[in-house]
Amino acid sequence: MAHPIISEDECVGCGICVDSCPQGVLDIAGGAVAVVNEDNCIACGDCLEDCPMGAITDISED
């Protein structure tokens, strides 16, 4: 199963990755981004490319 790897230390909770995800995998929770719909992730990398902080470091494909 694929899902983005998010560095909590780098994420500022701007939500750009949430908006860029075509599958609704991410959402803001507690001021930072969280994976909320892991089953929907298609490992497209849009969130990784669009994060201005570089907080999404990889797409894990378990």
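A short reminder: the numbers here are calculations on the coordinates, not readings from a lab. A quick note: this is a predicted structure, and the numbers were derived from the prediction, not measured. Please note: Cβ atoms are built from the backbone with ideal geometry, for glycine as well, and neighbour counts cover all protein chains shown.
Restricting the calculation to alpha carbons of the chain gives Rg and Dmax of 10.0, 27 angstrom.
The phi torsions of segment 12-20, fed into the Karplus equation with coefficients 6.51, -1.76 and 1.60 and a -60° offset, translate into couplings of 9, x, 6, x, 4, 5, 4, 5, 7 Hz, rounded to whole numbers, with Gly and Pro shown as x. The sum of -39500 (n - 2.57) across all DSSP H runs of n ≥ 4, divided by the residue count of the chain, sets its helix-only mean residue ellipticity at 222 nm to -3000 deg cm²/dmol. Paramagnetic label reach from GLU61 (point 7 Å along Cα→Cβ; backbone nitrogen cut-off under 17 Å): within segment 1-19, residues 1-5. The label point for GLU10 and the one for ALA29, both projected 7 Å from the Cα toward the Cβ, are 2.1 nm apart.
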